[in-house]
1. Using Cβ counts within 10 Å as a stand-in for footprinting exposure, how do M171, M130, M36 rank, fewest first?
2. When the label point is put 7 Å from the Cα of R278 along its Cα-to-beta-carbon vector, which residues of region 125-146 have a backbone N closer than 17 Å?
3. Report D for region 215-287 in µm² per second (integer): Stokes-Einstein, Kirkwood Rh on Cα pairs, 37 °C, 0.692 mPa s.
4. If you add up the charges near G59, with Lys and Arg at +1 and Asp and Glu at -1, over every other residue whose beta carbon is less than 9 angstrom from its beta carbon, what do you get?
5. At a temperature of 37 °C and a viscosity of 0.692 mPa s, determine how fast the chain diffuses translationally according to Stokes-Einstein, using the Kirkwood radius over alpha-carbon pairs as Rh; express D in µm²/s, rounded to the nearest whole number.
6. Spin-label point model (7 Å from Cα, Cβ direction): what's the S85 to E190 distance in nm?
7. Any chance you could check the Cα centroid distance between region 1-64 and region 269-312 for me, in angstrom?
8. For F211 and T93, what is the calculated FRET efficiency with R₀ set at 45 Å and r taken between the beta-carbons, to the nearest 0.05?
Amino acid sequence: MDEPPVLLRQDEVEGLLHYKDLIPRLEVALGKFSKMDSAEVIQPVRTTVPLQKYNGFLGLMPAYLVHEDILCTKLVCFYKRESGSTLPSTQATVLLFDPEYGNVKAVMDGEVITAKRTAAVSAISAKLLMPAKSEVLTILGAGHQALSHYNVFTETFSFKEVRVWSRRKEMAERFAQSTQGHVTVWESVEEAVNGADVIVTVTGASEPVLFGQWVKPGAHVAAVGACRPDWRELDDVLMRQAEVYVDSREGAIAESGDIILSGAKVFAELGEVLNGTRPALREKTTVFKSLGMGIQDAVSAKLVFEQWKSKH
Ligand SMILES: NC(=O)C1=CN([C@@H]2O[C@H](COP(=O)(O)OP(=O)(O)OC[C@H]3O[C@@H](n4cnc5c(N)ncnc54)[C@H](O)[C@@H]3O)[C@@H](O)[C@H]2O)C=CC1
Ligand SMILES: O=C([O-])C1=[NH+]CCC1
């Protein structure tokens, strides 16, 4: 119907989007995506417009899930910020359409959606790929994604120890003070990841911060930053010694510096593991290279809209 769009602010989206509802829907969407059937899912690789003057990019992320009839696009600006900058590194807006009329049904804040759906997909990767008895979680980075990853990983799994490192120690300390549970702050990445079963990299780095020689064999790494073909978070040793899983092969070979520059081979998409067409090599060292996909935003936006409608 051609009504004016609903506007949903960040606090409203926050109150409407919950991991327990989001994770199962993301699993279904990832599985459908990996069937590579355009009658099911249409999602072109993200278009990016460089904002050279500001060291950033505008990403356009449209997606259409045919059977669910979800048509959505996210518009996301992301930046490489200097240490000490107070400017945000990611800003996003999500538009949910009526696919028949073509009008916009809802305009939503995209930052909560981006933070939660990215963390939820990393949690799906960990559920599939982390060692069976995982006790130690290390988070590298202490920003928005660090917090959403902390929240969903501690909600979903039972780690005995959670560690954080950030390039500015005071940020890591502030992060540790802001969390519900106990988090220890570490001075160096090498010490922070020593013995860790699961490592989440959520930094704005464009050079490697995590080196293979420090990673325990069999550990699982969810690598979330470095979303440009010339940006890195992980070194060549780690990329080549690990089995590499991605959200989208097409996206990974176009956008991931860690994959492109290391020459690492992609073993599988998460959706292929969920579909049972590729194995989860849990006993090996695994990297899930996350880049973010339009379908993840689409599923999240639909859920937010449904929740909002049920209350209005
Ligand atoms: N894979 C995906 O779907 C998504 C990935 N991202 C990426 O995740 C990363 C984190 O995003 P946010 O938490 O929103 O950013 P943020 O700005 O809130 O936090 C970034 C963290 O990385 C640290 N950092 C920045 N530059 C660094 C460097 N050169 N070396 C080491 N640490 C550095 C900062 O001190 C901070 O702790 C970014 O690279 C962002 O582009 C963001 C959204 C979705
Ligand atoms: O999927 C996403 O929204 C993003 N990936 C990299 C920066 C933003």
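A short reminder: the numbers here are calculations on the coordinates, not readings from a lab. Fair warning: this is a prediction, and the values are worked out from it, not measured in the lab. Because the Cβ atoms are built from the backbone with ideal geometry, glycine has one as well, and the counts that use them run over all protein chains shown.
1. On the way: M171 18, M130 26, M36 13.
Result, fewest neighbours first: M36, M171, M130.
2. Inside the label zone: 125-130.
3. Details: Rh = 12.3 Å.
Using the Kirkwood radius from Cα pairs, D works out to 268 µm²/s.
4. On the way: positive: R46, K74; negative: none.
Every neighbour counted, the sum reads +2.
5. Calculated translational D: 168 µm²/s.
6. Placing both labels 7 Å along Cα→Cβ, they lie 2.9 nm apart.
7. So the two Cα centres are separated by 11 Å.
8. 0.80
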